[in-house]
Amino acid sequence: MKPTHKLLFVLCPMLVLGFIYYSSGKLHLHVWGQKPQVEPEISVGRIVGSVYDKQGFLLQLDTKLPLELAYKYGNLTEGVCKPGYAAAKMTTIYPKFMKPAPMFLDRNFKRLAKVSNYLPPFGFKTQERIIDSILTATKNYGLGEELDSLSCKRCIIVGNGGILFNKSLGSRIDEYDIVVRLNSAPVSGYDKDVGTKTTMRITYPEGAIQIPENYEKDSLFVFSAFKPLDFKWFRQMVFKEKLRGTEGFWKSVAHYVPREPAEMRILNPYFVQEAAFQFIGLPFNNGLMGKGNIPTLGTVAITMALHNCDEVAVAGFGYDMNTPHAPMHYYETVKMSAIKESWTHNIPKEKEFLRKLVKANVITDLTNGI
Ligand SMILES: CC(=O)N[C@H]1[C@H]([C@H](O)[C@H](O)CO)O[C@](OP(=O)(O)OC[C@H]2O[C@@H](n3ccc(N)nc3=O)[C@H](O)[C@@H]2O)(C(=O)O)C[C@@H]1O
Ligand SMILES: CC(=O)N[C@@H]1[C@@H](O)[C@H](O[C@@H]2O[C@H](CO)[C@H](O)[C@H](O)[C@H]2O)[C@@H](CO)O[C@H]1O
């Protein structure tokens with residue numbers, strides 16, 4: 001072969017590959033139906049960066065399904081659970097989304113690289129031994145056989161917002177496979193509005209129900225840790241030990257949790273980390289809990305559901321600063337304005353994130369408060 005032929009032989013495939021690479025970038029933008037926008041101050045990447053915001057979410061959100069998802073889900077009957085739907089929609093608006101992240105810590109928790117180097121609430125560093133001993137007692141690390149084996153899971157996160165009151169959504173909430181409740185939100189006496197089913201209740205020492213009789217039967221007690229002391233408290237609850245000293249808590253805490261160890265779980269702290277730093281964009285503060293860098297528990301629960309449920313709905317969400325005198329919760333008279341005192345949360349920024357999920361139909365908001 002002549003040297004010029006050799007050169008052509010090498011150059012041609014390179015040109016073809018170059019062309020494919022270039023046009024696939026173009027094609028990608030067309031498939032999502034986006035017109036590239038020039039937003040230099042919020043651009044993050046080189047080619048596609050200009051259509052994403054600082055957090056990495058698509059700037060132009062709409063409810064339309066991209067072509068390949070329309071093909072996958074378009075023919076399913078209305079109301080049938082769509083496998084992988086929430087994660088697929090999330091990926092279209094937030095391409096960095098990586099689905100695998102277990103709900104709860106299990107015996108292999110030390111292999112969870114993203115959380116092993118952060119202190120609570122963003123990880124479990126320094127708490128490995130106590131977690132090991134707790135997990136030895138709980139022995140169960142999933143939702144239970146029946147729910148774990150479902151091929152498609154529809155989840156609802158019931159927030160504690162006053163907006164739930166008198167909406168008669170109880171029976172709709174009960175239709176979900178997994179009903180997540182938070183802190184000490186009551187069920188009994190409020191069934192008409194909030195339903196009767198509780199798959200799990202996620203909470204921390206100061207948020208947990210304090211009257212043992214108020215715990216519903218057949219639900220998982222899911223512990224979310226915010227500080228090292230919380231792990232000590234949880235170990236005492238799991239082992240049914242007498243609570244020694246309540247110093248260090250910011251409010252009175254439960255002394256007894258009427259659940260068997262097999263019904264207790266530790267929430268993967270990755271959801272606090274991801275919600276705070278990736279999704280909402282709260283201050284990193286060297287990876288430590290600080291002013292305004294804690295997502296509310298409801299947003300942590302939604303983050304967990306995006307990774308572990310096929311469809312995600314919410315109800316009872318919304319801090320509305322325009323109605324400061326409206327009740328903050330569906331079960332008590334504390335006013336909405338009380339949330340302004342919070343130094344841990346950034347409600348406006350968190351709302352911005354939740355709005356993106358609702359706008360793009362990643363989650364369905366039954367009470368339209370987001
Ligand atoms: C004074 C205070 O710290 N209040 C916090 C209380 C308090 O700790 C517990 O009730 C226990 O006493 O807990 C919080 O949350 P709380 O227990 O009120 O509510 C659970 C979740 O529902 C969503 N929510 C609630 C009310 C409302 N009007 N709109 C909403 O969207 C939120 O996502 C919320 O997380 C918490 O842990 O996040 C958030 C609150 O900021
Ligand atoms: C280190 C510590 O205990 N800090 C407390 C915060 O956790 C607590 O915030 C509260 O922290 C909770 C977790 O422990 C929840 O995130 C809750 O939404 C949030 O309001 C505030 C309440 O005013 O008091 C501080 O002393």
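Exposure proxy check: Lys251, Lys125 ranked by fewest other beta carbons within 10 Å? Don't jump to the answer; show the numbers that get you there.
On the way: Lys251 8, Lys125 15.
Ordered by Cβ neighbours within 10 Å, fewest first: Lys251, Lys125.
Under 17 Å Cα-Cα from Lys54, which lysines qualify once same-chain neighbours fewer than 8 residues away are excluded?
Straight-distance partners of Lys54: Lys96, Lys349, Lys351, Lys356.
What are the ³J(HN,Hα) couplings of the stretch 193-204, residue after residue, when phi is run through the Karplus curve with 6.51, -1.76, 1.60 and θ = phi - 60°? Round to Hz, x for glycine and proline.
Values, residue by residue: 9, 10, x, 10, 8, 9, 7, 8, 10, 9, 6, 9 Hz.
To test your reading of the geometry: what angle, between 0 and 90 degrees and rounded to tens, separates the Cα axis of helix 297-308 from the longest principal axis of the chain?
Relative to the chain, helix 297-308 is tipped by roughly 50 degrees.
What list do you get for Lys356, Lys110 if you sort them by fewest beta carbons within 10 Å? Could you put the intermediate results ahead of the total?
On the way: Lys356 22, Lys110 13.
Exposure proxy ranking, most exposed first: Lys110, Lys356.
Put +1 on the Cβ of every Lys and Arg and -1 on every Asp and Glu Cβ in the stretch 100-365; which of Asn183, Ser219, Asn286 then has its Cα farthest towards the positive end of the dipole?
Going by the Cα projections, it comes out as Asn286.
Any idea how many Lys pairs in the stretch 189-318 come in under 14 angstrom at the alpha carbon, given 8 or more places apart or on separate chains?
4
Nearest-5 percent of antiparallel DSSP beta bridges in the chain?
DSSP beta bridges in the chain are roughly 15 percent antiparallel.
May I ask you to list the aspartates and glutamates whose Cα is less than 13 Å away from that of Lys99, ignoring any residue fewer than eight positions away on the same chain?
Glu274, Asp310
Any chance you could give the angle, 0 to 90 degrees and rounded to 10, that helix 3-31 forms with the longest Cα principal axis of the chain?
Orientation of helix 3-31: about 40 degrees from the principal axis.
Could you order the peptides 240-250, 157-167, 126-136 from most to least packed, using the average number of other C-beta atoms within 10 Å per residue? Let's see the in-between values first.
Details: 240-250: 10.8, 157-167: 23.3, 126-136: 15.3.
Ranking, from highest mean packing down: 157-167, 126-136, 240-250.
On C-alpha positions alone, give me the angle between the axis of helix 128-138 and the longest principal axis of the chain, in degrees, nearest 10.
Once rounded, one gets 70 degrees.
In what order do Glu274, Glu206 fall by count of nearby beta-carbon atoms within 10 Å, going from fewest to most?
Result, fewest neighbours first: Glu206, Glu274.
Which cross-chain or sequence-distant (5 or more) residues have an amide H under 5 Å from the amide H of Phe104, H modelled 1.01 Å from N in plane?
Result for Phe104 returns Asn268.
Each reported figure results from applying straightforward, stated rules to the coordinates on display, with no laboratory input. Just so it is clear, the structure is predicted and the values come from calculations on it, not from any experiment. Virtual Cβ from ideal backbone geometry, glycine too; neighbours counted across all protein chains shown.
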